[in-house]
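Remarks on the structure that follows.
Just so it is clear, none of the values below were taken in a lab; they were calculated from the coordinates. Everything numeric here is computed off the predicted structure, so don't read it as measured data. Backbone-built Cβ (ideal geometry, glycine too); neighbour counts: all protein chains shown.
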Amino acid sequence: MSSNANHSHHSGDAHGHDHHHGGHEASHGTYKSYMTGFILSVILTAIPFWLVMGKVFSDPAVTGAIVMILGAIQIIVHMIYFLHMNTRSEGGWNMMALIFTIVLVIIALSGSLWVMHHLNANMMPMSPEMMRNMP
């Protein structure tokens, strides 16, 4: 009786393990996909660094816009290559999370730009001598 119980236990375990392992492989990335994501992330970090440090554009607004666009692209790269988000995973809930994330990022970026613009426009200009006399 015990050998029969062990046999059925091993059979079920092997079947369940194979099925579980196959499901895991589908949701995890490969070494190639992780390296692709890493290389894209490094490139998408190096370009804005070069744009800012090399003062490539004379207009800071152009540099800021390009840096923000590359930052948004990098978010998408991270979600695809490292978080494995796509339209089919988790029954479409990942797509809803992606849309929610995009809406939050747009609100945060546009709000930050709006606040920084108005702070810059409404600040009193200060000369270096005025800065020295501040407490």
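Quick notes
- Sparse packing (at most 14 other Cβ atoms within 10 Å of the Cβ) combined with a DSSP loop state is found for the following chymotrypsin sites (Phe, Trp or Tyr not before Pro) in region 36-82: 57, 82.
- Evaluating kT/(6 pi eta Rh) at 4 °C and 1.567 mPa s, with the Kirkwood radius of region 29-124 over Cα pairs in the Stokes-Einstein relation, gives 84 µm² s⁻¹.
- Computed E for residue 90/residue 32 - FRET, C-beta separation, R0 25 angstrom, nearest 0.05: 0.60
- Extension gain (nm, one decimal) between residue 67 and residue 115, 0.36 nm per residue minus Cα-Cα: 15.5 nm
- D (Stokes-Einstein, µm²/s), Kirkwood Cα radius, region 70-114, 1.306 mPa s at 10 °C: 141 µm²/s
- Cβ-based exposure ranking for 127, 89, in which fewest neighbours within 10 Å come first: 127, 89
- The simple spin-label model puts a point 7 Å past each Cα toward its Cβ; for residue 59 and residue 99 those points are separated by 3.4 nm.
- 3J(HN,Hα) along region 69-86, derived from phi through the Karplus expression 6.51 cos²θ - 1.76 cosθ + 1.60 where θ = phi - 60°, amounts to 5, 5, x, 5, 4, 5, 4, 5, 4, 5, 5, 7, 8, 10, 9, 6, 8, 8 Hz, with x in place of Gly and Pro.
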